[in-house]
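Report on the following structure.
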Amino acid sequence: MDAEYIKEGIKGAIGKDIFFCEIVDSTNTVAAMLAEKGEEEGTVVIADSQSKGRGRLGKSWASPPGVNVYMSIVLRPEMETGNATLITIMASVACAKALRRVTGLDITIKWPNDLMVSGKKLGGILTETRLAHKKIEYVITGIGINVNIDSDVLPNVIRESATSIKTETGKFFSREEIMKEVLNEINDSYNILKEKRYSELILQWRELTSTLGRTVKIILGKETLEGFAEAINDKGMLIVRLPSGTSRTVHYGGVTLLR
Ligand code: BTN
């Protein structure tokens, strides 16, 4: 992978410094180690493969070599901890916009941050926040995108529900090009976040989502909810109307679109 090519095409602070590793346990873990040592906002870690790629909600993330995008970004946003969901919203908007432009696919976002096409998952975002004295010290935003992997080599457990850009388009895509476009889009979206133009981000997210207006099942630890996804609030949380008629605000969980 050519990190120099990516760096040369970057238009902002995010992605000016890129660490490339052939293989890591998880790019999020490496980025967190760098952040602990004081690495600046905008530093990016990319890898050809991960031996312990991590997904949301304690799941693993299939990370074979030579085919996909695995990258993590160090951010140091000055924002209230209660607004942290917006970082994920910001990253998912940026990824969806960049991937729609590069691939021409009709990519949508499933709350909060699954990148979907034809009802299948194409990519995901794992945001990990380090707090100190009730303030955000740093955030690691990890992005995984299935690019050139053939669906039939995806692990059995996700084969039915996952896809890749190559599977959907029938074409091979440059991972460097995708990373460059995603990082440039994150530079733009992160500026919106830093300027606290939160409603603008939420609006963009709403335009790209496939979750609102659907009946959803949400697994929240041991609890499972079913209801109508009616809105996301100004902090990026999902508002679900339950069959009883009451509304519930959800800030994490695994969502399945039912109807
Ligand atoms: C999800 O479950 O949808 C989130 C998946 C996030 C995967 C990416 S790949 C790069 C970074 N490193 C990790 O271990 N996970 C994230």
> If we keep just the residues of the range 35-55 that are more than 9 Å from the ligand (Cβ to nearest atom) and not in a loop (DSSP other than H, G, I, E, B), which is surrounded by the fewest Cβ atoms within 10 Å (Cβ to Cβ)?
Replying inline: GLU36
>> Please count how many residues of the range 56-87 are of a type in the set (Ser, Thr, Tyr) and within 10 Å of the ligand (Cβ to nearest atom).
In response: 4
>> Taking the condition of being hydrophobic (A, V, I, L, M, F, W, C) and at pLDDT 95 or above, how many residues in the range 127-149 meet it?
In response: 5
> Within the set of pairs 6 or more residues apart or between chains, which connect a residue that is over 12 Å from PRO64 (Cα atoms) inside the range 149-160 to a residue that is part of a loop (DSSP other than H, G, I, E, B) with Cβ atoms less than 6 Å apart?
Replying inline: SER151/THR163
> Only one of GLU181, GLU226, GLU176, GLU230 is buried (at least 19 other Cβ atoms within 10 Å of the Cβ) and either modelled with pLDDT of 90 or more or under 20 Å from the mean Cα position of the chain (by Cα) (or both); which?
Replying inline: GLU181
> When you go through GLU22, GLU41, GLU36 one by one, which is the residue that is among the charged types (D, E, K, R), touching a Leu at 6+ places or on another chain (Cβ under 8 Å) and more than 21 Å from ASN113 (Cα to Cα)?
Replying inline: GLU41
> Exactly one of (1) more than 13 Å from the ligand (Cβ to nearest atom); (2) over 12 Å from the mean Cα position of the chain (by Cα); (3) on the phi < 0 side of the Ramachandran plot is unmet by GLY119. Its number?
Replying inline: (3)
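The values are calculated or read from the model by the stated rules, or taken from the named source; none is laboratory data. The model shown is predicted, which means the values in this text are computed figures rather than measured ones. Methodologically, a virtual Cβ is constructed for each residue, glycine included, from the backbone with ideal geometry; neighbour enumeration extends over all protein chains shown.
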